[in-house]
Amino acid sequence: MPVRRVPSRLVLALALLLAAAPAGAGPAESFRQGEQAAASGNYAKAARLWKPLAEQGYAPAQRALAGMYAGGLGVDADARKALTLFRKAARQGDAEAAMGLAAMYERGIGVERDRARARQWYRKAAESGFARAQAVLAAIYRQGRGTPADPEKAVRWYTRAAENGHTRAQLQLARMYRDGEHVARNLDRALHWFSAAAEQGYALARKERQKLLEAHPELAR
């Protein structure tokens with residue numbers, strides 16, 4: 001099966017998976033040095049530092065190196081290597097790797113498209129408390145992407161993501177309460193979640209919050 005080229009949007013998303021590991025001795029310190037190299041744009045150095053760590057089974061390095069292979073940063077782009085490394089890290093419980101693996105299954109990158117398998121890995125990441133995966137899983141159930149729509153699950157996962165500070169989940173949940181979509185209409189809850197996202201600097205949430213207050217001035221108390 002030919003390996004599909006990684007879309008630029010996914011490259012950017014996977015690049016965000018280069019998250020920091022706690023500083024310390026051994027693998028964590030080497031990983032931190034690699035992260036510093038990547039942050040300065042020296043991706044080749046980062047890859048050199050992370051490869052031996054990944055081979056030793058260090059999950060953060062496996063996940064970070066997977067992002068490098070997915071985006072062709074410091075190494076030749078190789079979707080299959082990215083998939084393998086994401087899978088290894090995800091099986092160790094790395095939520096961000098599970099998110100990356102799910103995205104590749106959902107888009108059919110380096111592997112045959114499999115939305116059921118994608119949903120499985122999104123759920124694993126979501127159940128570990130990873131807010132971005134919770135928001136994606138909520139959208140899948142709300143939209144019925146590759147599975148029958150399930151409004152109850154959508155609301156549950158949007159709520160968990162919102163409670164974990166995910167601004168887009170907060171915005172979507174606010175809209176659902178405002179419009180009575182799959183929940184009882186509750187303008188106080190809508191205002192709460194619009195405000196939560198706005199306070200994190202989400203301009204669209206701030207705009208929609210203002211519109212809500214203009215339409216219902218009694219909420220401003």
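General remarks:
- For the pair residue 206 and residue 51, the difference between a 0.36 nm per residue extended length and the Cα-Cα distance amounts to 51.5 nm.
- Most mobile listed residue (138, 174, 37) in the chain, GNM with C-alpha springs under 10 Å: 37
- A cut-off of 5 Å between modelled amide H atoms, ignoring neighbours fewer than 5 places along the same chain, links residue 181 with no other residue.
- Label point at residue 80 placed 7 Å out along Cα→Cβ; residues across the stretch 47-66 whose backbone nitrogen lies under 17 Å: 66
- Gaussian network model of the chain, springs between alpha carbon atoms under 10 Å - residue of 30, 128, 40 with greatest fluctuation: 40
- Most mobile of 34, 100, 201 in a GNM of the chain (Cα contacts under 10 Å): 201
- About its Cα centre, the chain has a charge dipole of approximately 460 debye under the convention of +1 per Lys or Arg Cβ and -1 per Asp or Glu Cβ, with nothing else charged.
- Taking amide H as placed 1.01 Å from N in the peptide plane, the amide H of residue 150 sits under 5 Å from that of 142, 144, each at least 5 places away or on another chain.
- Rg/Rg_globular for the stretch 55-100, with Rg_globular taken as 2.2 N^0.38 Å and Rg from C-alpha atoms: 0.99
Values in this text are rule-based calculations from the coordinates and carry no lab data. As the structure is a computational prediction, the values presented were derived from the model and not from experiment. Counting neighbours? That spans all protein chains shown, and the Cβs are built from the backbone with ideal geometry, glycine included.
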